[in-house]
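Q: Let me give you the structure first, and then I'll get to my questions.
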Amino acid sequence: MLIKRPPDIKPSEITSLSLYLRRREFLKDSALAGLAIAGLGASAPITAATAEKLVNIRKSPLSTNEELTPFEAVTNYNNFYEFGTDKEDPAANSGKFKPHPWSVQVAGQCAKPGTYNLEDFIKPHALEERIYRLRCVEAWSMVIPWVGIPLADVLKRFEPTGNAKYVAFTTVMRPNEMPGQRRAVLEWPYVEGLRMDEAMHPLTILAVGLYGAVLPNQNGAPLRLVVPWKYGFKGIKSIVKIEFTENQPPTTWNISNGQEYGFYSNVNPEVDHPRWSQGKERRIGEFLKRKTLMFNGYADQVASLYTGMDLQKFY
Ligand SMILES: Nc1nc2c(c(=O)[nH]1)N[C@H]1C(S)=C(S)[C@@H](COP(=O)(O)O)O[C@H]1N2
Ligand SMILES: [Mo]
């Protein structure tokens, strides 16, 4: 998450792409769609048109109605250090990664620990589209149409016990497929965690897709966390383990640099990162910065989770 260079997507590129995507949306249901997309394909990003579509997705009332960040930006400007530290690296280096078949180990304080196939706990008919802002600690943001299910619905099925106070998540460890893991830029595997009430909050989802299609590898295929009121780094990708714990679990960025990254990681314009302000953000594709909102704009829904906590201390 270190800033290495200014974000490098030109607004002009995004505008033309946005038009392309709207055109696709318009054509989708017509008999000519396949032909039209094939025709556009020569100059357009191939992934937008070819990503495997998900079906029967419900629209969620919890979505923001802000303008979407184009598919091209969402899938080519990524943080996924397992594939390299530059924003273009995940798209360039994740082609060999195999997200199928996939299983997730469930462990710790629950009645039903075990190893579950992805299909066992992500029921296709339960999929929802949730359009959320993603606010990175580097002070850029996007609006992404995620496809997923509430994390609470998944967790409840494992019957957490009264001792389950936190949920810990672990990313897959596959240095053969993830070139970034061959270098010690972070401690591998990547780990993250939430307090139980944060994990069970209706805004917290496990995502399996975006833009109506399965998650591209660079966005965390086949399963990643999305917590819209927290900085992007809480959104751990390619999850292989979920563990209910009594104690607060370690988190990768806190291990890496505890002065700069805390466990809570709530988007908070009033608590600066030690090296830069969190007061403003650049929405990818926009020229002028906008003010960062408390809890990334979700204060009405989540502020009560932190009543009585000193948010300077619990950053
Ligand atoms: N396993 C893993 N998960 C990760 C990261 C990572 O490096 N490894 N980066 C995080 C950061 S810093 C951000 S901002 C988001 C970016 O998600 P996106 O690339 O889908 O936009 O993923 C988060 N999840
Ligand atoms: Mo980030």
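Q: Every residue in segment 198-220 that is within 18 Å of residue 77 (Cα to Cα) and part of a loop (DSSP other than H, G, I, E, B), please.
A: Selection gives 211, 215, 216, 220.
Q: Quick check on my filter: what residues within segment 120-162 are open to solvent by less than 40 Å² (accessible area, probe 1.4 Å) and among the charged types (D, E, K, R)?
A: Across segment 120-162, the qualifying residues are 128, 129, 130, 133, 135, 138.
Q: If the requirement is being of a type in the set (A, V, I, L, M, F, W, C) and either closer than 12 Å to residue 194 by Cα or at pLDDT below 95 (or both), which of these qualifies: 225, 215?
A: 225
Q: Can you list the strands (runs of 3 or more DSSP E) lying wholly within segment 221-305 that have 2 or more residues being buried (at least 23 other Cβ atoms within 10 Å of the Cβ), touching a residue at least 60 places away in the same chain (Cβ under 8 Å) and more than 16 Å from ligand 2 (Cβ to nearest atom)?
A: 239-245
Q: Residue 115: within 11 Å of ligand 1 (Cβ to nearest atom), among the β-branched types (Val, Ile, Thr) and either surrounded by fewer than 21 Cβ atoms within 10 Å (Cβ to Cβ) or at pLDDT 95 or above (or both), yes or no?
A: Values: within 11 Å of ligand 1 (Cβ to nearest atom): no; among the β-branched types (Val, Ile, Thr): yes; either surrounded by fewer than 21 Cβ atoms within 10 Å (Cβ to Cβ) or at pLDDT 95 or above (or both): yes.
When the stated conditions are applied, residue 115 does not pass them.
Q: Also: Looking at segment 172-179, can you tell me whether even one residue there is at pLDDT below 95 and open to solvent by 20 Å² or more (accessible area, probe 1.4 Å)?
A: The answer is no, given that none of the residues of segment 172-179 is at pLDDT below 95 and open to solvent by 20 Å² or more (accessible area, probe 1.4 Å).
Q: Restricting attention to segment 163-170, does a residue exist that is farther than 29 Å from residue 274 by Cβ, buried (at least 16 other Cβ atoms within 10 Å of the Cβ) and modelled with pLDDT of 95 or more?
A: For segment 163-170, residues farther than 29 Å from residue 274 by Cβ, buried (at least 16 other Cβ atoms within 10 Å of the Cβ) and modelled with pLDDT of 95 or more: present.
Q: Here is a check on your reading of the model: is residue 189 of a type outside the set (Ser, Thr, Tyr) and either under 14 Å from the mean Cα position of the chain (by Cα) or within 16 Å of ligand 2 (Cβ to nearest atom) (or both)?
A: Spelling it out, it is not the case that residue 189 is of a type outside the set (Ser, Thr, Tyr) and either under 14 Å from the mean Cα position of the chain (by Cα) or within 16 Å of ligand 2 (Cβ to nearest atom) (or both).
Q: Moving on to the next point. Would you pick out the residues in segment 70-79 that are within 16 Å of ligand 2 (Cβ to nearest atom) and not in a loop (DSSP other than H, G, I, E, B)?
A: Result: 73, 74, 75, 76.
The values are calculated or read from the model by the stated rules, or taken from the named source; none is laboratory data. Please read these numbers as outputs of a predicted model, since none were measured by experiment. Don't worry about glycine lacking a Cβ; one is built from the backbone with ideal geometry, like all the others, and counts go over all protein chains shown. Note: accessible area is taken over every heavy atom of the protein model, side chains too, but ligands, DNA and RNA are not part of it. Shrake-Rupley method; radii C 1.70, N 1.55, O 1.52, S 1.80 Å.
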